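Single-structure report; data block below.
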Amino acid sequence: MQAPALRWQVPSGQAIAGFGVAGAAGILVLYPIFYLMQAALDVGDPDARPPTAYGLGNFEALPQYSEIMLNTLTVSLAATVMALLFGFVTAWILSRTNVPGRRTLEQLMAVPYYMTPLLGAFAWSLLGAPESGFVNQVWRALGGENALINLVTPFGIAWVMALFEGSVAFVMIGAVMKSMDPALEEASQVIGASRLRTMLRVTLPLVAPGVLGAAILVFAEMLGSFSAALVLGNPDRFYVVTTAMYQLVSQYPPRIPLAAAMGVSLFAVMFLMLFLYRRLIAGRSYVTISGKAFRPRVMDVGRLRWLLFAVCVFYVLLSVALPLMTLAFASVQKIAVAFPAASNWTLANYQTAFTMNAVRAALGNSLLLGVATASIGVVLMGLISWLIYRSRLPGSGFIEYLVMFPQAVPRLVFAFGMMWAWIVFPIPIYGTLWLLLIAYLTVFLPLGVRTISGVMLQIDKSLEECAQMCGAPWGYRIRTVTMPLLCPGLLAAWLLLFIASVRELGASILLMGPNAKVVTPTIVESWFATSAELTAAMALIQTLVIAIAMVVFLALTRRASMYAGE
Amino acid sequence: MPGSNRDKLTRRTLLGASVALASPIACLSARGAYAQAPAKTPTKVLDFLTYADVAKAEQEGAFVFYCHENEAGTAAIAEAFGKDFPKIKTSYVRAQTGALYNKISTERAAGRFDVDILQLSDLAPALDFQKKGGYEIYHSPEAGGYKPEHLSNPAGAFFWTGVTFGGLAYSTAKVKAEEAPKSWKDLLDPKWRNAMSCKISSSGLQFVQWYELRKLYGDEYWQAFAKQRPRGFDSRVQLFDRLAKGDDKVCALAEYAAYVLYKEKGAAIEFVAPEDGLPATPLLVGVVDKAPHPEVAKLFVDWAMSNRGQAFYQSNPHLIYGSLRTDAPPMPTGKRLSDFKLLTPTDYADYLGSRDKFTKDWNGMLGL
């Protein structure tokens, strides 16, 4: 007697949850985009809102800024090439060779992602500025002339971005390499090809779709990046679209519609890239899925493994250890120099950083937002992932495109749309932490959905179907089957969202309110208007807090899993 | 026109008003003439006078401050006020004047009124804000300590809480004293090409420098200056940070306040006051219309206008604003504003009208 009622309830609950989640995602994404487009087409009275006239005048003015567009494309391309090189080489070493300490190195390779590019940019500007850079000061002290390196250049921007995005490329390319049958490489070597020739002629073509996918994703990230260009580009009179936009809206009188048009044009390029990426990823999945079982094996590279070990260690040194040591060194000086006099040492920067109410409050807010974004995000994005990949609801393909939309829009651009959208929203959330929470949930939709759906796809659908056949309603299936299986993936997504929120800059810089400050924009503000040394202290404090939070989280999850095991 | 007879008459009238407001008795007699002036007697709080209801202000309990000043300076102002009134919780937003004005304008256009006090470093947006009715009119009992030209016209919208001014500065590690620039025109020497810094177009002081030197030397000066390929930065701290580290040899707009701060840190820098004068911009403070904490806002204006507030503004190392109070003591360096020849715009219509040209030219010069 109960079966028919059950059949009637199951699709209903599923549909309500599905449409509710899809509606929430739609509002989060499309509502700000509408305002962004409206601003880009505003050619009326600059003081009036909503616009008094619409037109394409702002887009027609863009050719005047073609040099900035070209700068953006050039530096993004250079950074992408370098990031891929770092990512490919390290991924090959750690997944295909018998390099010592592989597991530790693999974990260390992910650390640059946990640090902000902003921190890297500060550190490398302290190291590589032509006059004051520590490296150049040492160089001159050793008898060298002029500057050994100059990173306050477009190359410097690309270098810093590549170092930090290199770890993303590493993860993506490494995943492809691990799923590749090593028999192909072995066959190449058996017929007499050298290791290098095997890598170039066998490994590289096999991972090409993965590398291209990573290239497009990294390029899209580079197009929207802000902090490295701000720190290393502006002193060299070098602007990219994001820094130019920031400048245009900060000046008096502001040129907001022009900035919005710039952002929309960037968004068009990024959307094209994302479209290509999705096409490539779709194609790749057909190539790699194979019914043939294989055991991943690594090549014995002999003594070369120590050289390869040094390559990986050198990457970690450049992207993590050196920046942190540089900031630590600068943060205990009054005026940061390579050879400080005794009177130059001070702990005042830390004292100031800890006593500034804004910093303390910003750190607290960032942690609170990180926890809230990660916790709500995991539920929301988990449901979205389930909706896209597990439900049979109509329009789930469209939802997938919708939630990936923020990936195609630089966060700074998105923040303008969000600012205009939520400032007129009847519920007063503008200037509060709620707005930042909404902003984070929006801009991190692609990150969360991609992470969770990656795990979800590994779980056989038949397990859920089995529960359904046993009569379990939708909610019960989710709770007792899908969620426990997804747990490790959800925890990983939680951690990723937490870190991404705490280090977020692009969206936060425009949306902070007097009582809703977060730490990364506060660090940028400090760089703008306080001192490099205090900024270094603040950046280190932020990194330390993230590291502590991560350790606590990992300890808690480990303990929880131990109890679960018992 | 500020220089016209009509204007002078207005200023005298306003000076009279300010003096009258300082005295409770005179205030009552002047009530008819100045309908907006508070009718009640000012009360003495700490060591200054206020028309604000202090008990009510403490009940309001919060103070939202939008300020152009650097992070440390803004935080210090909010904290100093909060220290004097511990029952009032202070918070602030800091941004360059242009960005700050855009933010408050966007918020107000959307019907959001979250700000009590606005402090700007540029007359142009302050006058625009006044024109749009953005300020609450408040005649402080402390206004008598100021000349009428240092109050808004008409008075009550905002006042000049201080002046910041800039000259030239150079790195003594990179430049010998005899080779250092002495005048504004010395900046055009080819030896400073790619070795000079200035501020970006959102800076009020940079606009004043451009306006005043253009008046003195014509457009040709800035055209020649652009060929020197200077680098533009957001704040005075960035300029001096670079100068102190030798990244730039010369700073083309060196604020005296930042010079004092960096000199104290032991930086190898020197300040030069060109004979033709030093561009100066006022720091303008006013109560924002529809402020969420109106009594707190009034209390803050009185505090900031008073000798107590002015002493703080003038001596805090992150501020060092020259006080315009007629009875102000010298700055911590022992200098008074009157020791410097300051260049400030007098023809406001012309000054405001040239803003668009400045922004366009300056952005173009800096590669934007």
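Data overview
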read-out	value
Vicinal HN-Hα couplings computed from phi for the stretch B:54-69 (Karplus, 6.51 cos²θ - 1.76 cosθ + 1.60; Hz; Gly/Pro x)	5, 4, 5, 4, 5, 5, 4, x, 9, 9, 10, 10, 9, 9, 7, 5
Surface/4 of the Cα convex hull for the stretch B:219-279, nm²	4.7
Loop-located GluC sites (Glu not before Pro) in the stretch A:93-200, at most 10 other Cβ atoms within 10 Å (DSSP)	A:Glu145
Distance between the stretch B:300-368 and the stretch B:60-131 - C-alpha centres, whole angstrom	17
Base-10 log of normalised Debye intensity for the stretch A:420-566 (one unit scatterer per alpha-carbon) at q = 0.18, 0.19 Å⁻¹	-1.12, -1.16
For the stretch A:531-552 and the stretch A:442-469, distance of Cα centres in Å	34
Within the protein assembly as shown, percent of DSSP bridges classed antiparallel, to nearest 5	60
Calculated over the stretch B:125-254: convex hull of Cα atoms, volume per residue (Å³)	141
Percent of Cα pairs exceeding the 12 Å cut-off, where the set is the stretch A:138-194	77
Shielding score for A:239-252, defined as the mean number of other chain Cβ atoms within 10 Å	6
Förster-model FRET efficiency, 45 Å R0, A:Ala342 and B:Arg193, C-beta, rounded to 0.05	0.75
Inter-chain Cβ neighbour average for residues B:151-162, partner chain, 10 Å	0
Farthest toward positive dipole pole in the stretch A:2-565 [+1 Lys/Arg, -1 Asp/Glu at C-beta], among A:Trp386, A:Tyr440, A:Leu347	A:Trp386
Rounded FRET efficiency, nearest 0.05, which uses the C-beta distance separating B:Ser315 from A:Ala24 and R0 of 41 Å	0.20
Antiparallel DSSP beta bridges within chain B, as percent of all bridges there, nearest 5	60
Sorted by Cβ density within 10 Å, fewest first, the residues A:Leu70, A:Leu496, B:Leu352, A:Leu127	A:Leu70, B:Leu352, A:Leu496, A:Leu127
Between 0 and 90°, nearest 10: helix B:256-265 axis offset from chain B longest Cα axis	70
Alpha carbon convex hull of chain B, volume per residue in cubic angstrom	130
Over the stretch B:252-368: Kirkwood hydrodynamic radius from C-alpha pairwise inverse distances, Å	17.1
Computed magnitude of the charge dipole of the stretch B:42-116 (debye, nearest 20; Cβ of K, R +1, Cβ of D, E -1)	140
Candidates per trypsin sites (Lys or Arg not before Pro) in the stretch A:157-254, loop by DSSP, up to 15 other Cβ within 10 Å	A:Arg237
For the stretch A:4-107: relative contact order, % (alpha-carbon pairs under 8 angstrom, 6 or more apart)	11
Spacing of the two label points (7 Å from each Cα toward its C-beta) at B:Leu216 and B:Lys357, in nm	1.9
Likely footprinting exposure, A:Met404, A:Met172, fewest C-beta neighbours within 10 Å first	A:Met404, A:Met172
Cleavage-rule hits, trypsin sites (Lys or Arg not before Pro), the stretch A:316-416, DSSP coil, Cβ neighbours within 10 Å at most 15	A:Arg392
Net lengthening on full extension, A:Thr557/A:Val298 (0.36 nm per residue, minus Cα-Cα)	90.1 nm
Proportion of all alpha-carbon pairs of chain A beyond 36 Å (%)	39
Too-long pairs where the Cα-Cα distance tops 18 Å, listed order kept, from B:Lys191/B:Lys227; B:Lys245/B:Lys265; B:Lys40/B:Lys131; A:Lys334/B:Lys263; B:Lys131/B:Lys215; B:Lys131/B:Lys290	B:Lys40/B:Lys131; B:Lys131/B:Lys215
Average partner coverage of A:512-519, which counts Cβ from other chains inside 10 Å	4
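Values in this text are rule-based calculations from the coordinates and carry no lab data. The shown structure was predicted, so the numbers you read here are calculated from the model rather than taken from an experiment. Cβ: placed from backbone, ideal geometry, glycine included. Neighbour counts: every protein chain shown.
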